[in-house]
Amino acid sequence: MTSTHPEHLISGSKQAAISNLIVRTMSEYTGRGPTKARTHISDDVVTVMLRDTLTKGERSLVSDGRVELVLEMRKAFQASMRENLIGGVEDILGRQVIAFFSDNNIDPDTAADVFLLAPNGTGPEAANGARQKPDPS
């Protein structure tokens, strides 16, 4: 039987959903999301490249030479958003995120979020399709 959803279209919709999740979450936390986001999914790695991420206030601080302050604030936002971003990616892909990395660059105004996924078909989430939270102990 021929699938009505070619794999590249299914993958593309997941990529778009992840990009939208990142932009929406950043906007909720910072008051403004990036203007461009592109998600790439390759095996066990999800990479989201973001452009035009800084708020007007952050751009003003950068022009006043306060680059380190802006980068420090961005790190704080990333730490605050971490659980929401991981949970969203896990929900979209149906796979556990085992590591999350995020960083910003000022010139050019870009950022990257990287999610490392548990190997496909491993762990309890593969048996029941449910998202598993890491054991806090």
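The values are calculated or read from the model by the stated rules, or taken from the named source; none is laboratory data. Everything numeric in this text was worked out from a predicted model, so none of it was measured. Neighbour counts are summed over all protein chains in view; Cβ atoms, including those assigned to glycine, are modelled from backbone coordinates with ideal geometry.
Among residues of the range 5-26 that are closer than 14 Å to GLY94 by Cβ, those with a Cβ under 9 angstrom from a residue that is modelled with pLDDT under 95 and not acidic (Asp, Glu), sequence gap 6+ or separate chain, pair up as ILE10/SER3; SER13/HIS5.
Under the condition of being more than 30 Å from PRO119 (Cα to Cα) and among the basic types (Lys, Arg), the residues counted in the range 13-67 number 4.
The strands (runs of 3 or more DSSP E) located wholly in the range 33-121 that include 2 or more residues which are among the aliphatic types (A, V, I, L, M), under 11 Å from the mean Cα position of the chain (by Cα) and crowded, with 18+ Cβ neighbours inside 10 Å occupy 45-51. Look at (1) modelled with pLDDT of 95 or more; (2) under 16 Å from the mean Cα position of the chain (by Cα); (3) part of a helix (DSSP H, G or I) and you find that SER13 fails only one, number (1).
Can you spot a residue in the range 126-134 that is buried (at least 17 other Cβ atoms within 10 Å of the Cβ) and modelled with pLDDT under 95? Within the range 126-134, not a single residue is buried (at least 17 other Cβ atoms within 10 Å of the Cβ) and modelled with pLDDT under 95.
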